[in-house]
Amino acid sequence: MSHFLPVRLEHASRLINHGPTVLVTSAHGGRRNVMAAAWSMPVEFTPPRIAIVIDKRTFTRELAAASGTFGVIVPGAAAMDMTYAVGTTDGRELDKFNAFGIETVEGPVLGLPLIEKHCAAWLECKLIDEKHTEDAYDTCFAEVVAAAADPSVFSEGHWHLDASNEPLHTLHHLGAGNFVSASAMKKARALPR
Ligand SMILES: Cc1cc2nc3c(=O)[nH]c(=O)nc-3n(C[C@H](O)[C@H](O)[C@H](O)COP(=O)(O)O)c2cc1C
């Protein structure tokens, strides 16, 4: 007899998507913006391509579509309040960078506004023209053209999460402004067969 209870289908994605919440930055025509996104994933190895859900109604989507680019920032636990703030405010109404005192650095390849303070990594991305994105879905596909990370948490192609760098541990949204951050790493052992 199972002790599981049914989950409403509108909540089903929350069962599999508390991967790292990211920030999406964008700029075009003298305007710039940043929003939070919990729904992102890698889709191709080479060239590196990602998919990220950016609601058609957002200002981010407008700027990203106009410029053909966006930045993806991996915020650390220390950036939790800022992450929630930029995910619950409208960039058409305010410059969130100024309003929340968010410092930016300029992306080396696309010149996008990127964030490093309290953040673990960033990626500069070029939007891929995709008919489904324009017509129906909010999912945007993009090619990663530059990436960098704080070497205290990511180096040699791997994360290194331990008690010494907790403020930069990735953030994972559980809904309604509740987050967990990644714990210290644990190493899997081979199961006896
Ligand atoms: C933790 C968190 C995660 C979110 N994830 C997404 C997401 O994956 N995709 C999306 O379109 N909106 C997501 N949102 C909502 C946007 O961040 C929100 O609509 C934001 O206000 C858009 O800002 P903009 O209109 O200035 O671009 C999320 C919000 C929060 C707080």
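The values are calculated or read from the model by the stated rules, or taken from the named source; none is laboratory data. Everything quoted here is computed from the prediction, not taken from an experiment. Positions of Cβ are generated from backbone atoms using ideal geometry, with glycine treated the same way; all protein chains shown enter the neighbour counts.
Please determine whether any residue of the range 1-18 is modelled with pLDDT of 95 or more and touching a strand residue (DSSP E or B) at 6+ places or on another chain (Cβ under 7 Å). No, the range 1-18 has no match at all.
A quick yes/no check of all residues on (1) surrounded by fewer than 19 Cβ atoms within 10 Å (Cβ to Cβ); (2) in contact (Cβ under 8 Å) with a residue 40 or more places away in the chain; (3) more than 20 Å from L168 (Cα to Cα):
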position	(1), (2), (3)
S40	no, no, no
F45	yes, no, yes
I50	no, yes, yes
D55	yes, yes, yes
T58	no, no, yes
V74	no, yes, no
A77	no, yes, no
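Would you be able to tell me the number of residues in the range 72-105 that are in contact with a helix residue (DSSP H, G or I) (Cβ under 9 Å, 6 or more places away or on another chain), part of a helix (DSSP H, G or I) and of a type in the set (V, I, T)? Here the count works out to 1.
Rundown of residues vs (1) more than 17 Å from the chain's Cα centre (by Cα); (2) among the basic types (K, R); (3) closer than 30 Å to A163 by Cα, yes/no style:
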residue: A64; (1), (2), (3): no, no, no
residue: A78; (1), (2), (3): no, no, yes
residue: Y84; (1), (2), (3): no, no, yes
residue: G87; (1), (2), (3): no, no, yes
residue: A99; (1), (2), (3): yes, no, no
residue: T104; (1), (2), (3): no, no, yes
residue: E116; (1), (2), (3): no, no, yes
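For residues in the range 1-36 being basic (K, R) and not in a loop (DSSP other than H, G, I, E, B), which is nearest to T60 (Cα to Cα)? Step by step, filter the range 1-36, then rank; the result is R32. Kindly indicate whether any position in the range 154-164 is within 14 Å of the ligand (Cβ to nearest atom) and under 22 Å from G19 (Cβ atoms). No: zero hits. In this entry, E44 passes the filter for residues that are among the charged types (D, E, K, R) and either closer than 25 Å to I128 by Cβ or modelled with pLDDT of 95 or more (or both). Could you please let me know if F141 is buried (at least 16 other Cβ atoms within 10 Å of the Cβ), in contact (Cβ under 8 Å) with a residue 60 or more places away in the chain and among the aromatic types (F, W, Y)? Spelling it out, F141 is indeed buried (at least 16 other Cβ atoms within 10 Å of the Cβ), in contact (Cβ under 8 Å) with a residue 60 or more places away in the chain and among the aromatic types (F, W, Y).
With the requirement that a residue be out of contact with any Cys (no Cβ under 8 Å at 6 or more places or on another chain) and over 22 Å from L171 (Cα atoms), what does the range 111-127 give you? Selection gives G111, L112, K126.
Which count do you get for residues in the range 26-66 that are near the ligand (Cβ under 10 Å from one of its atoms) and among the acidic types (D, E)? Matching residues across the range 26-66 total 2.
Condition first: closer than 22 Å to G30 by Cβ, of a type outside the set (S, T, Y) and near the ligand (Cβ under 10 Å from one of its atoms). Now tell me which residues in the range 67-94 satisfy that. Hits for the range 67-94 are V86, D90, G91, R92, E93, L94. Cβ-Cβ contacts under 8 Å between residues 6 or more apart (or on different chains), taken from a first residue in the range 79-101 that is touching a residue at least 40 places away in the same chain (Cβ under 8 Å) and over 18 Å from L112 (Cβ atoms) to a second residue that is among the hydroxyl-bearing types (S, T, Y) and more than 8 Å from the ligand (Cβ to nearest atom), are listed as M80/S181.
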